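Remarks on the structure that follows.
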Amino acid sequence: MKRTLSLTAAAAASALVLTACGSGGGDGQSEGPQEISVGIAQFVEHPSLDAAREGFVSALDEGGYTEGDNLTLDVQNASGDQATATNIASNFASADNDLILGIATPTAQSLAQAVTDKPVLFTAVTDPVDAGLVDSMDAPGANITGTTDMNPVDEQIKLIKQFDPDAKSVGIIYSSGETNSQVQVEEAKKAAEAEGLSVEEKTVTTTAEVAQAAESFDTDSIYVPTDNKVVAGLEAVVGAAESKKIPLIVGEGDSVDRGGLATQGISYEELGKQTGEMALRILNEDADPAEMAVESQNETQLIINAKAAEAMGIEIPQELRDSADTVIE
């Protein structure tokens, strides 16, 4: 499926005439790509966030900035720990980077507090306004902007009844400390009520707590939003859904690849590329993050895992199979 993104290939093409961010001089133009340094702070390692990072770096490469040539990358991972994320942000605040990327809400929040004198981009952030990162989606107002990964939570919850019309309840597992998850859970609860589903919530503070929380559900289905700590331990939730023979609906495609039943979601690699294109505008055209609207993807994909359906004892309705963008056999 072709995606409609907020930026076009013109952003990457603009890399033919480049300036390094903050390099100054004359009319701000350069004969070719100059050397730049980019810091990347990622909250935790899991496929979706990894894909966003890879997409970002890919966009820079397509725009003329190649690691090992004229691009120096400093990639730091907080391993799901907020104190570590804060320390990484503090180190980046004093480092000599031209631009910094925060992947996921907790790292973006840490960077927003620590770094005020250089451009900061974020990606894989669900609600930048609620997280206190920007004044508004259209006018961020400071040195930080980026892309949101807000998914169609209502469409994802609807999948429960599409796979199991008799379902009456859904268990939702998420991290109590992640603002992005709290936003999605509120949307999920509204959607569940509209579908006639009661909600049982389980919160965790670490990935190590995911297995016990998932096993304790007494529901007809389970829903996992794009929660970093829960997704990092997704295999435990998959195992619980398989043993209980109930559908597991997830917030993004990588979690379907890892054993979730289905999602209606975005591509994190494409989201990362879109963020990289925003970086090119800042680096090449002196675009001001304060005036760059937060961007999102306009299209989603229905992805179904047929192997997961079999393991969970779920029969895939033919209508869903026919309408799916991808069926993992």
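Tilt of helix 82-94 relative to the longest C-alpha principal axis of the chain, in degrees (0 to 90, nearest 10)?
10 degrees
Taking only Cα atoms, what is the 0 to 90° angle, nearest 10, from helix 47-62's long axis to the longest principal axis of the chain?
Helix 47-62 sits roughly 30 degrees off the main axis of the chain.
Kirkwood hydrodynamic radius (Cα pairs, Å) of segment 121-268?
15.4 Å
I need the peptides 240-248, 213-221 ranked by packing, meaning the mean over residues of other C-beta atoms within 10 angstrom, with the highest value on top.
Those peptides, ordered most packed to least, come out 240-248, 213-221.
Under the Kirkwood approximation for Rh and a Cα-based Rg, what ratio Rg/Rh is obtained for segment 94-163?
1.13
Using a 1.4 angstrom probe on heavy atoms only, work out the carbon and sulfur share of the accessible area of the chain in %.
Carbon with sulfur: 43 percent of the solvent-accessible area.
Segment 250-299: Rg/Rh from Cα coordinates, Kirkwood Rh?
1.15
Evaluate the distance, in nm, between pseudo-label points positioned 7 Å from the Cα of T206 and of S243 along their respective Cα→Cβ axes.
The modelled label-to-label distance comes out at 2.1 nm.
Please pull out the direction-averaged projected area of segment 272-325, using the convex hull of its alpha-carbon atoms, in nm² to one decimal place.
That works out to 5.8 nm², a quarter of the Cα hull's surface.
With charges only on Cβ, +1 for K and R and -1 for D and E, what is the dipole size of segment 65-194 about its Cα centre, in debye, rounded to 20?
I would put it at about 360 debye.
Under unit Cβ charges (Lys, Arg +1; Asp, Glu -1), what dipole magnitude, rounded to 20 debye, does the chain have relative to its Cα centre?
So the magnitude is around 520 debye.
E201's amide H: which non-local residues (gap 5+, or another chain) put their own amide H closer than 5 Å, with H modeled 1.01 Å from N in plane and none for Pro or chain starts?
I172
Could you order the peptides 275-282, 173-180 from most to least packed, using the average number of other C-beta atoms within 10 Å per residue?
275-282, 173-180
Just to confirm the number: angle between the C-alpha axis of helix 153-163 and the first principal axis of the chain, 0 to 90 degrees, nearest 10?
Roughly 30 degrees between the two axes.
With a sphere of radius 15 Å drawn around the Cβ of T205, what net charge do the other residues whose Cβ falls strictly inside it have (Lys, Arg +1; Asp, Glu -1)?
For residues surrounding T205, the net value is -3.
Placing +1 at every Lys and Arg Cβ and -1 at every Asp and Glu Cβ, with all other atoms neutral, what dipole size does segment 283-329 have around its Cα centre, in debye to the nearest 20?
440 debye
Around I314, with a cut-off of 14 angstrom between Cβ atoms, what is the net charge of the other residues, counting Lys and Arg +1 and Asp and Glu -1?
Local charge sum for I314: -1.
Report D for segment 38-174 in µm² per second (integer): Stokes-Einstein, Kirkwood Rh on Cα pairs, 20 °C, 1.002 mPa s.
Estimated via Stokes-Einstein, D reaches 132 µm²/s.
Hey, could you grab the Kirkwood Rh for segment 163-236? Inverse mean 1/r over distinct alpha carbon pairs, Å, one decimal.
Here the Kirkwood hydrodynamic radius works out to 12.3 Å.
Segment 211-261: D in µm²/s via Stokes-Einstein (Kirkwood Rh, Cα pairs, 25 °C, 0.890 mPa s)?
Here the translational diffusion coefficient equals 232 µm²/s.
Can you work out ³J(HN,Hα) from phi for every residue in segment 69-74, in order, using Karplus 6.51 cos²θ - 1.76 cosθ + 1.60 and θ = phi - 60°, giving whole Hz and x for Gly and Pro?
10, 10, 10, 10, 10, 10
When the C-alpha atoms of segment 237-329 are aligned to their principal axes, what extent does each axis show, in angstrom, from largest down?
Taking the Cα atoms of segment 237-329, the three principal extents are 54, 27, 18 Å.
Based on the alpha-carbon gyration tensor of the chain, what equivalent-ellipsoid semi-axes (square roots of 5 times the eigenvalues) come out, in whole Å, largest first?
Computed over the chain, the values are 38, 20, 16 Å.
Out of residues 5 or more away from I40 or on other chains, whose amide H comes under 5 Å of its own, with H placed 1.01 Å from N in the peptide plane?
D74, V75, Q76, L101
With a probe of 1.4 Å, find how much accessible area segment 122-232 has per residue, and write the answer as a whole number in Å².
38 Å²
The values are calculated or read from the model by the stated rules, or taken from the named source; none is laboratory data. These figures come from a predicted structure and were not determined experimentally. FYI the Cβ positions are ideal-geometry reconstructions off the backbone, even for glycines, and counts take in every protein chain you see. Please note that ligands, DNA and RNA were not included when accessible areas were found on the heavy atoms of the full protein model with its side chains. Shrake-Rupley method; radii C 1.70, N 1.55, O 1.52, S 1.80 Å.
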